[in-house]
1. When you look at L15, is it among the hydrophobic types (A, V, I, L, M, F, W, C), over 15 Å from the mean Cα position of the chain (by Cα), surrounded by 12 or more Cβ atoms within 10 Å (Cβ to Cβ) and under 23 Å from G69 (Cβ atoms), yes or no?
2. In region 39-65, how many residues are under 13 Å from I29 (Cα atoms) and touching a Leu at 6+ places or on another chain (Cβ under 7 Å)?
3. May I ask you to list the residues in region 26-35 that are surrounded by 13 or more Cβ atoms within 10 Å (Cβ to Cβ) and of a type in the set (V, I, T)?
4. Yes or no: A21 in contact with a Leu (Cβ under 6 Å, 6 or more places away or on another chain), in a helix (DSSP H, G or I), surrounded by 11 or more Cβ atoms within 10 Å (Cβ to Cβ) and at pLDDT 95 or above?
5. Within region 36-77, which residues are at pLDDT below 90, surrounded by 11 or more Cβ atoms within 10 Å (Cβ to Cβ) and not β-branched (V, I, T)?
6. Out of region 1-12, which residues are hydroxyl-bearing (S, T, Y) and surrounded by 12 or more Cβ atoms within 10 Å (Cβ to Cβ)?
7. Just to be sure I understand the filter: pairs with C-beta atoms under 7 Å, separated by 6 or more residues or on different chains, first member in region 40-65 and under 10 Å from P22 (Cβ atoms), second member assigned to a helix (DSSP H, G or I). Which pairs pass?
8. What residue, of V40, V74, V50, V54, is under 15 Å from the mean Cα position of the chain (by Cα) and either part of a helix (DSSP H, G or I) or closer than 30 Å to L8 by Cβ (or both)?
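The values are calculated or read from the model by the stated rules, or taken from the named source; none is laboratory data. The model shown is predicted, which means the values in this text are computed figures rather than measured ones. Positions of Cβ are backbone-derived with ideal geometry, glycine not excepted, and every protein chain shown enters the neighbour counts.
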Amino acid sequence: MTASLAGLVREGLILALLLAAPLLVAALIAGVITGLVGAVTQVQDPSIGVVPRVAAVGVALLLFAPSIGHQLEVFAARIWPLITAIGVG
């Protein structure tokens, strides 16, 4: 494994974490809010917490999809020439 390939893998993993962050933060915020509402109202049904988290992730996906798509496009444009160079030998 060459150093450039290791750097590319590292950059890909960091990009994956950065692209997943807005969705995870939205799910975290929705989970905390529904947990607080559940504690205040003393409703302990687990299914009540799932619906707001799914909705929050859906809204975050709609909001951040253009940015995620653009970052993936830029990364793919940089990686394709390297993949073909590795394939040729």
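1. Details: among the hydrophobic types (A, V, I, L, M, F, W, C): yes; over 15 Å from the mean Cα position of the chain (by Cα): no; surrounded by 12 or more Cβ atoms within 10 Å (Cβ to Cβ): yes; under 23 Å from G69 (Cβ atoms): yes.
Considered against the rule, which asks whether it is among the hydrophobic types (A, V, I, L, M, F, W, C), over 15 Å from the mean Cα position of the chain (by Cα), surrounded by 12 or more Cβ atoms within 10 Å (Cβ to Cβ) and under 23 Å from G69 (Cβ atoms), L15 comes out as no.
2. 2
3. Matches in region 26-35: I29, I33, T34.
4. On the way: in contact with a Leu (Cβ under 6 Å, 6 or more places away or on another chain): no; in a helix (DSSP H, G or I): yes; surrounded by 11 or more Cβ atoms within 10 Å (Cβ to Cβ): yes; at pLDDT 95 or above: yes.
No, not satisfied.
5. G38, G49, listed by residue number.
6. Step one: list which residues in region 1-12 are hydroxyl-bearing (S, T, Y), which gives 2, 4.
The answer is none; no residue qualifies.
7. V57/L23; V57/A26; V57/A27; A60/P22; A60/L23; A60/A26; L61/L23; F64/P22
8. Details: V40 fails: under 15 Å from the mean Cα position of the chain (by Cα); V74 fails: under 15 Å from the mean Cα position of the chain (by Cα); V50 fails: under 15 Å from the mean Cα position of the chain (by Cα).
Only one candidate qualifies: V54.
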